[in-house]
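Data block below; observations after.
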Amino acid sequence: MIEHNYTKDFDTLKSKLESEENFAFSRFSDGEGFILYNQYLELSDSGYNLNGARGYAFYGKEEHKVFDPDKHSFFRDKLIESLEYVAPNYYKGLPMKDSCPAFDGIFDEIVENAGGDSEYLSFANLWNNANYPRFIEELVPILSKRKVVFICNKDATLDELPFKVVKDFRIGSNAMIENYSIIEEIKEYVSQNNIENHVFLCSAASLSNLIVHQCFEANSSNTFIDIGSTLNPLMGLKGWTGTRTYLNQYWNSTGDRSQLEMVDTWA
């Protein structure tokens, strides 16, 4: 089995970003797990409904979403395609074994579905937890030297970001279902403007997986990175305060740094 190391994988992608070697990175976490295995998923003001298991957590409006297996099979199929797609420099981040409720007991199956163990499989939390301080302090500054395109929520503000955004595409909360057409808009932007060696940051929940896959497949002369909620504290969004422990520990100085010391391990 290929060695997968939380620190070394971060270093690998950081190095590619610095050297302007184009790549793609797509993250498959809890939400993607529920969709892949065709389970009902809803996040709302009332909390969560995960295949019938209900509970309360604060979700800002930018995090509201619904996946209904009876209505949204097309989008699930596209998510499966993004997991199964294999290409050089197309990285897929998976959760730690038995750490993600949606993937419980099926880690090996996910690896197989993703094309088998390879150098292009990594960690879903590669930018989070113990790597998050490095993400903010080492990787984000590199972006000030690159041409950045941002796909993010319509309510996000970009003024406080420590890098310039040359183009932004906006999505709503239930983005995978309601904003799927934006993938073609991005492709047209790249094609019509001969865009090369730009960095496309995707902060669009499960739609990010589809963007990263389809846009990188169409044009691998650019970099596409699923960054999740990592920059939300700098963009005027509040949903992260209810469920993103690592962000609260970093930005709100809670005194507890347990999650910022959490290192993911493979299998």
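The values are calculated or read from the model by the stated rules, or taken from the named source; none is laboratory data. Since we're looking at a predicted model, the values are computed, not measured. Virtual Cβ from ideal backbone geometry, glycine too; neighbours counted across all protein chains shown.
Quick notes
- Residue selected from the stretch 52-65 under the condition assigned to a strand (DSSP E or B) and among the basic types (Lys, Arg), by the criterion surrounded by the fewest Cβ atoms within 10 Å (Cβ to Cβ): Arg54
- Candidates Phe135, Phe107: the one that is in contact with a Phe, Trp or Tyr (Cβ under 6 Å, 6 or more places away or on another chain) and not small (Gly, Ala, Ser) is Phe135.
- Val199 vs. criteria within 26 Å of Leu79 (Cα to Cα), in a helix (DSSP H, G or I) and in contact (Cβ under 8 Å) with a residue 40 or more places away in the chain: no
- Flag for Ser208 being surrounded by 18 or more Cβ atoms within 10 Å (Cβ to Cβ), at pLDDT 95 or above, of a type in the set (Gly, Ala, Ser) and in a helix (DSSP H, G or I): yes
- Among the residues making up the stretch 220-244, those that are in contact with an Asp or Glu (Cβ under 9 Å, 6 or more places away or on another chain) and surrounded by fewer than 17 Cβ atoms within 10 Å (Cβ to Cβ) are Ser221, Gly236, Lys238, Gly242, Thr243.
- No other residue among Asp68, Asp77 is of a type in the set (D, E, K, R), loosely packed, with under 13 Cβ neighbours inside 10 Å, touching a Phe, Trp or Tyr at 6+ places or on another chain (Cβ under 9 Å) and under 20 Å from Ser208 (Cα atoms) apart from Asp68.
- When residues of the stretch 252-267 are limited to those that are assigned to a loop (DSSP other than H, G, I, E, B) and farther than 12 Å from Leu126 by Cα, the one modelled with the lowest pLDDT: Ala267
- Exactly one residue among Leu158, Leu126, Leu83 is assigned to a helix (DSSP H, G or I) and buried (at least 16 other Cβ atoms within 10 Å of the Cβ), and that residue is Leu83.
- Residue, nearest to Asp45 (Cα to Cα), within the stretch 224-238, restricted to residues that are in contact with a Lys or Arg (Cβ under 7 Å, 6 or more places away or on another chain) and in a loop (DSSP other than H, G, I, E, B): Ser229
- The sole residue among Ile225, Ile195, Ile183 that is touching a strand residue (DSSP E or B) at 6+ places or on another chain (Cβ under 6 Å) and at pLDDT 95 or above is Ile225.
- Pair list, Cβ under 9 Å, 6 or more apart: the stretch 1-27 residue farther than 15 Å from Phe123 by Cα and at pLDDT 95 or above, other residue assigned to a loop (DSSP other than H, G, I, E, B) and among the hydrophobic types (A, V, I, L, M, F, W, C): Lys16/Phe23; Leu17/Phe23
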